[in-house]
1. Gain in length, Leu57 to Leu22, computed as 0.36 nm per residue apart minus the alpha-carbon separation, to one decimal in nm?
2. What trypsin sites (Lys or Arg not before Pro) does the range 48-95 have in DSSP loop regions with at most 11 other beta carbons within 10 Å?
3. Please compute the modelled spin-label separation between Thr44 and Lys74, points set 7 Å along Cα→Cβ, answer in nm with one decimal.
4. For the range 39-74, state which GluC sites (Glu not before Pro) are in a DSSP loop and have at most 14 other beta carbons lying within 10 Å of their beta carbon.
5. Expressed as an acute angle from 0 to 90° and rounded to the nearest 10, what is the orientation of the C-alpha long axis of helix 61-84 relative to the principal long axis of the chain?
6. Taking amide H atoms as placed 1.01 Å from N in the peptide plane, list the residues 5 or more away in sequence, or in a different chain, whose amide H sits under 5 Å from that of Asp92.
7. For Thr66, Thr99, write out the residues from largest to smallest accessible area, computed with a 1.4 angstrom probe and no ligands counted.
8. Report the local net charge at Lys72: Lys and Arg +1, Asp and Glu -1, summed over other residues whose C-beta lies under 13 Å from its C-beta.
Amino acid sequence: MSGKKGIPLERLSSLFQREISLILQKEIKDSNIGYVTITEVRITKDLSFATVFYTLLGEGDQLAVTQEALEKAKGFIRSELAKKMDIRKMPDLIFKADTSLQTGNTIEKILSDIK
């Protein structure tokens, strides 16, 4: 199934990733959304949900603060996306921290400790 006028979901996900990144960089003024990098967007086939995975510089409390700020900004981000994207249905955004980098670093440390 495809989204925007026949665009495959993979391409639509890539467009969402780019547009959300630009919105966060240029239009969001919340200082709690610091150095966020959108690593991936997964959109359901029926366009109901878009899970937005992100990483950020900072640790511990910063992750919770950023998650809360992204949740507060979700409506604004979604409305800005709707203005920029011509799709029949704008998915609900779900923000999730991408922990794959942290997991990789942990595994790498364990492996180096074993040596």
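The values are calculated or read from the model by the stated rules, or taken from the named source; none is laboratory data. What you see is a predicted model, and the numbers here were worked out from it, not measured in a lab. For neighbour counting, all protein chains shown are included, and Cβ atoms are generated from backbone atoms with ideal geometry for every residue, glycine included. With ligands, DNA and RNA removed, areas are computed over all heavy atoms of the protein, side chains included. Shrake-Rupley method; radii C 1.70, N 1.55, O 1.52, S 1.80 Å.
1. Numbers: separation 35, 0.36 × 35 = 12.60 nm, distance 1.74 nm.
The Leu57-Leu22 span can extend by a further 10.9 nm.
2. Details: sites: Lys72, Lys74, Arg78, Lys83, Lys84, Arg88, Lys89; in loops: Arg88, Lys89.
For trypsin sites (Lys or Arg not before Pro) across the range 48-95 that sit outside H, G, I, E and B with at most 11 neighbouring Cβ atoms in 10 Å, the list reads Arg88, Lys89.
3. In this crude label model, Lys74 to Thr44 measures out at 1.3 nm.
4. On the way: sites: Glu40, Glu59, Glu68, Glu71; in loops: Glu59.
Qualifying residues, ordered by number: Glu59.
5. Value to nearest ten degrees: 20.
6. Phe49, Ala50
7. On the way: Thr66 0, Thr99 65 Å².
Greatest to least solvent exposure: Thr99, Thr66.
8. Details: positive: Lys29, Lys74, Arg78; negative: Asp30, Glu68, Glu71.
Summing Lys/Arg as +1 and Asp/Glu as -1 gives 0.
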